[in-house]
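Colleague: Quick one: the structure is below, questions incoming.
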Amino acid sequence: MEEDRKIYAIIETGGKQYKVSPGQTIDVERLDIAEGNTIELGRVLLIADDDKLTIGTPIIDGAKVIATSQGEGKGKKIIVFKYKPKVRYRKKTGHRQLYTRLTIDKILEAEGSSAQKEVIQSGT
C-alpha cells in the first residue's frame with residue numbers, strides 16, 4: 001500500500017517554485033553544496049498526499065524536503081544583443097546560468113497540528 005501513495009510537494013528555492021515528488025531529479029538555481037551531500041529544503045508551500053492536501057500560509061512549519069546533490073552544471077547559452085539604429089551601437093554578450101541538480105529523496109510532513117496550515121480532506 002505504501003507503494004501506491006502519490007505524494008508531491010511544491011517547494012521554493014532560488015526565488016522559483018518547483019513541484020517535486022520522491023525519486024524526481026530537478027535543476028535549481030546554484031546552491032553551495034558539494035556533490036553527494038544531502039540538503040533540507042525548508043520552504044514547503046504545499047504537500048499533497050493521496051486525498052490529503054496541506055496548504056501553508058505561506059509555508060508549512062516543520063515540513064521539509066530531503067534531497068541529494070548530483071553536482072553542478074551550466075545551462076544553455078543565452079545571447080544578449082543590444083542594438084541602437086543609426087548610431088553604430090551593437091553589443092553582443094552571452095550568459096550561461098549555473099544550476100545544481102538535485103534528486104528528491106523524501107518529503108517529510110510537519111509533526112502535530114499547526115495554526116499556520118490548512119488541511120483539506122477530499123471525500124471522493
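The values are calculated or read from the model by the stated rules, or taken from the named source; none is laboratory data. Keep in mind that this is a model prediction, so the values were computed, not measured. Please note: Cβ atoms are built from the backbone with ideal geometry, for glycine as well, and neighbour counts cover all protein chains shown.
Colleague: Picking from Gly56, Gly71, Gly75, which residue would you name as being over 19 Å from Lys6 (Cβ atoms), small (Gly, Ala, Ser) and in contact (Cβ under 8 Å) with a residue 60 or more places away in the chain?
Modeller: Details: Gly71 fails: in contact (Cβ under 8 Å) with a residue 60 or more places away in the chain; Gly75 fails: in contact (Cβ under 8 Å) with a residue 60 or more places away in the chain.
The match here is Gly56.
Colleague: Regarding the stretch 39-50, can at least one residue be identified that is within 18 Å of Ile26 (Cα to Cα) and part of a loop (DSSP other than H, G, I, E, B)? Give the derivation first.
Modeller: Keep residues of the stretch 39-50 that are within 18 Å of Ile26 (Cα to Cα), which gives 39-47.
From the residues that got through so far, the ones that are part of a loop (DSSP other than H, G, I, E, B) too are 42-43.
So far as the stretch 39-50 goes, yes, one or more of its residues are within 18 Å of Ile26 (Cα to Cα) and part of a loop (DSSP other than H, G, I, E, B).
Colleague: A further question on this structure: Return the only residue of Gly36, Gly62, Gly23, Gly71 being outside any strand (DSSP E or B) and either surrounded by 10 or more Cβ atoms within 10 Å (Cβ to Cβ) or acidic (Asp, Glu) (or both).
Modeller: Values: Gly36 fails: either surrounded by 10 or more Cβ atoms within 10 Å (Cβ to Cβ) or acidic (Asp, Glu) (or both); Gly23 fails: either surrounded by 10 or more Cβ atoms within 10 Å (Cβ to Cβ) or acidic (Asp, Glu) (or both); Gly71 fails: outside any strand (DSSP E or B).
None of the others qualify; the one that does is Gly62.
Colleague: Would you mind telling me which numbered condition in (1) surrounded by 12 or more Cβ atoms within 10 Å (Cβ to Cβ); (2) hydroxyl-bearing (Ser, Thr, Tyr); (3) free of Cβ contacts under 8 Å to residues at least 12 places away in the same chain Tyr89 fails?
Modeller: (1)
Colleague: Output the residues belonging to the stretch 35-61 that are on the phi > 0 side of the Ramachandran plot and at pLDDT 90 or above. First the steps, then the outcome.
Modeller: Here is the first cut: in the stretch 35-61, the residues on the phi > 0 side of the Ramachandran plot are 36, 50.
Of everything in the stretch 35-61, just one residue is on the phi > 0 side of the Ramachandran plot and at pLDDT 90 or above, namely Gly36.
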